[in-house]
1. Using a 1.4 angstrom probe on the protein heavy atoms only, line up 181, 83 by accessible area, largest first.
2. Tell me which trypsin sites (Lys or Arg not before Pro) from segment 2-51 have a DSSP coil assignment and no more than 16 other beta carbons within 10 Å of their own.
3. Can you give the angle from 0 to 90° between the axis of helix 6-31 and the longest principal axis of the chain, with both taken from C-alpha atoms, to the nearest 10?
4. Any idea of the accessible area per residue across the chain, 1.4 Å probe, to the nearest Å²?
5. Could you go through segment 67-78 in sequence order and give the Karplus-derived ³J(HN,Hα) for each residue, using 6.51 cos²θ - 1.76 cosθ + 1.60 with θ = phi - 60°, rounded to whole Hz, and x for Gly and Pro?
6. Can you compute 3J(HN,Hα) from phi for each residue in segment 127-137, using the Karplus curve 6.51 cos²θ - 1.76 cosθ + 1.60 with θ = phi - 60°, rounded to whole Hz and x for Gly and Pro?
7. Over segment 49-198, with every protein chain in place, what whole percent of the accessible area is carbon and sulfur at 1.4 Å, could you tell me?
8. Can you compute the equivalent ellipsoid semi-axes for segment 158-198, i.e. the square root of 5 times each eigenvalue of the Cα gyration tensor, sorted largest first and rounded to whole Å?
Amino acid sequence: MPKVSQEYRDNRRRAVVGAATDCFLAEGYRGASMHEIIAATGLSAGAIYNHFPRGKSELVAACAQTGLDQVFELAQRRVAQPFDPESWLVGVLEELAAQPRLARLLLITWGEAAVDDDVNAALGSHLEALRSLVDEQFAGWAVTELGLSRQDATQWVGMFSQAVLSVIQGWVVQSQLMPGFTHEPYLDYARTIAAVGD
């Protein structure tokens, strides 16, 4: 029997995570069953458990981590030189608006983090990394554009980055849950927050 390559295994694992994510988006992490996930993949139960020996709990963690990684990559990709806070924040929100599945996955992941230790740990690491990215970019901008010293910029960004992250989190919650949510007025709000330092 020919040996299966690591690339093949990685691709198969990604396909399983993708199918499981579809189930979780439709039913929630708690609502989707392993039977539904196995059926969605088109694979045997043995093939699924070969990649995810702990079953559903491991799949939940993998799907959550994949979504969080996508959000961080999106935020990192929006960083341009010279850095502009408004362009970055609005750009992140625009990219999330273009990926409603990712926004929904974020929301259900945040909810699951309240009751699942593995998801909670993944979310904590993600938020720390995202906060560090915001701190670094906004502090550098404050030194260059506002003329702050590095020490003053570090103190300023400690407050400001929390506001920036709350704008992103607020967009996810409101866009997914608020009836009649409209994107453009929210972008105006984001621009107002980003312009506080001007």
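1. Details: 181 50, 83 25 Å².
From most exposed to least exposed: 181, 83.
2. Details: sites: 3, 9, 12, 13, 14, 30; in loops: 3.
Here the trypsin sites (Lys or Arg not before Pro) that fit, given the DSSP loop and packing criteria, are 3.
3. Between helix and principal axis, roughly 80 degrees.
4. Details: 10400 Å² over 198 residues.
Per-residue accessible area for the chain comes out at 53 Å².
5. For segment 67-78, the Karplus-derived couplings read x, 5, 4, 5, 5, 5, 4, 4, 5, 5, 5, 6 Hz, x marking Gly and Pro.
6. 3J(HN,Hα) across segment 127-137, in whole Hz: 5, 4, 5, 5, 5, 5, 4, 5, 4, 4, 5.
7. Details: 3870 of 7420 Å².
For segment 49-198, the apolar C and S fraction of the accessible surface comes to 52 percent.
8. Details: eigenvalues 85, 31, 4 Å².
So the three semi-axes of segment 158-198 are 21, 12, 4 Å.
The values are calculated or read from the model by the stated rules, or taken from the named source; none is laboratory data. Quantities reported herein were computed from a predicted structural model and do not represent experimental measurements. Glycine also receives a Cβ, built like all others from the backbone with ideal geometry; neighbour counts cover every protein chain displayed. Surface areas here come from the heavy atoms of the whole protein model, side chains and all, with no ligands, DNA or RNA. Shrake-Rupley method; radii C 1.70, N 1.55, O 1.52, S 1.80 Å.
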